[in-house]
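Read-outs: derived from the displayed coordinates by stated rules, not from any lab. In this text, all values refer to a predicted model and were calculated from it rather than measured experimentally. For neighbour counting, all protein chains shown are included, and Cβ atoms are generated from backbone atoms with ideal geometry for every residue, glycine included.
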Amino acid sequence: MNQSSLHSKKSILFVLALGGFILGLTEFAMMPMLPLFTDAFGSTPAQSSYAISAYALGVVVGAPVFMLLTANIRKRQALMLFVAMMLVFNGLGALAQTLEQLVLSRFLSGLPHGCYFGTAAIMAAEIAPRNERVSYISKVFMGLTIATIIGVPLVTLIGQNLSWRYCLALVSFISLIALLLMFRLPNEPNKTRVTLANELGVFKSKSVWSIIAMIIVGFGGIFCMYTYVADTILKHTQAPAYAVSIAMVVFGIGSTVGNVVLGKIGNRQPVMTTGVVLALAAFFSLLYVFVSSSMVLLCVVVFFIGCTIGLAAIVQSLLMEAAPNGQAMIGAIVQCSFNTANAIGPWVGGLYIAAGGEIHESGYVSAILFAGGFVIWAASAKLLSRQRESVPAGPNVVLNN
């Protein structure tokens, strides 16, 4: 890739990660805000959670539509379009006067999420050295994980002490900065022309479907726990409100550590790494239930659950290798899968709580989801192994387990 506009790959990755930082704020910062939405609009916690599910639905709708619509335009132009959407729709959310308006703005805010990460991941993979694709993709997701360390706790404090509206306004402002920086990204034409037949052809792969199912079920465990951790802290640890921000920081640190460590391990052992992490996540989810009265032990568990976010780059790379001729659709599929998990996890956890379960027992639901993801992983590993045996392995193939 010609780097005349930016002097290094690190600069390109920084700009791409900044967009990920914005999306991390947009997605994760709203979960600790649920009690604030309830107070502002006089809604129930279940009704306020529609703002979370609406965002996930927006991702599921927007990712395939916009990835296909923008597949043949230059990547810089596509990324700038997506960031402009972040700017406008988060700004509209800050002005919402009713819960219905907020939910609608959250749906619109979710539209560029999947297509941004999909396009950014493709750009990162194109500039990656041999056998470092997972590491480069993980650097794009690093923006999201840093958002969970710095951004989410910060906007949580802003929301608790000022208003949740300032949080969305801040996200909109950072989007403006990112949009200006993206004018300096390389503006080269795409190497190949995308055809609808090639993109839809990815759905013929059993490996693709198995990985999709693994993401939806397994990652649902992360979002189930993350959604209810604020209420768990306030109701079971007797800690002050600012303890929620501490837990968000711990989760973010875990996400970043997992992103770095699993990104490096994933270059060598992607399939095995995925299975081991899902199994460990199921164990820590069960542990979450029994340590929920201790803020210290709860943070330890939250840290390890945060580490599982590092699987995102691994599964993205696995899907890109499983369907090399449908990269645009793969980028959409990954984000659709993650955000379907984002909708299903809190929803299933909410059903359990509505049926009489305690807030902290959402850990049981997370454990079941992680365990389900592990079972699907076992089937996926066999399919990927068969694919590896049937296709000659090139220097960048990661299906090596």
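By its C-alpha gyration tensor, with a ≥ b ≥ c as the square roots of the eigenvalues, how is segment 10-165 shaped: rounded for a/c under 1.5, else prolate for a/b larger than b/c, else oblate? In terms of gyration-tensor shape, prolate.
At full extension, Phe283 and Val260 could sit 6.1 nm farther apart than now, given 0.36 nm per residue minus the alpha carbon distance. Counting beta carbons within 10 Å around each of Met248, Met320, Met272 and listing the fewest first gives the order Met272, Met320, Met248. Computed extension gain for Ala239 through Thr44, at 0.36 nm per residue and net of the alpha carbon distance, reaches 67.9 nm. A Förster radius of 35 Å, combined with the Cβ-Cβ distance separating Gln269 from Ile150, puts the computed FRET efficiency at roughly 0.70.
Neighbour counts of other C-beta atoms within 10 Å: give me Cys224, Cys307 arranged from fewest to most.
Ordered from fewest to most neighbouring Cβ atoms within 10 Å, Cys224, Cys307 come out as Cys307, Cys224.
Remark: the chain is approximated by an ellipsoid whose semi-axes, taken from the C-alpha gyration tensor as √(5λ), come to 32, 25, 18 Å, largest first.
The calculated 222 nm mean residue ellipticity attributable to helices in the chain amounts to -25000 deg cm²/dmol, summing -39500 (n - 2.57) over DSSP H runs of n ≥ 4 and dividing by all residues. Among Phe223, Phe283, a tally of other beta-carbon atoms within 10 Å of each Cβ gives an order, fewest to most, of Phe283, Phe223.
How many lysine pairs are close in the chain, with Cα atoms under 17 Å apart and the two 8 or more places apart or on different chains?
Details: Lys9/Lys75; Lys9/Lys139; Lys10/Lys139; Lys10/Lys264; Lys75/Lys191; Lys139/Lys264; Lys204/Lys382; Lys206/Lys382.
Within the chain, the lysine pair count is 8.
For the chain, the residue among Gln97, Cys224, Leu262 whose Cα projects farthest onto the positive side of the dipole built from Cβ charges is Leu262.
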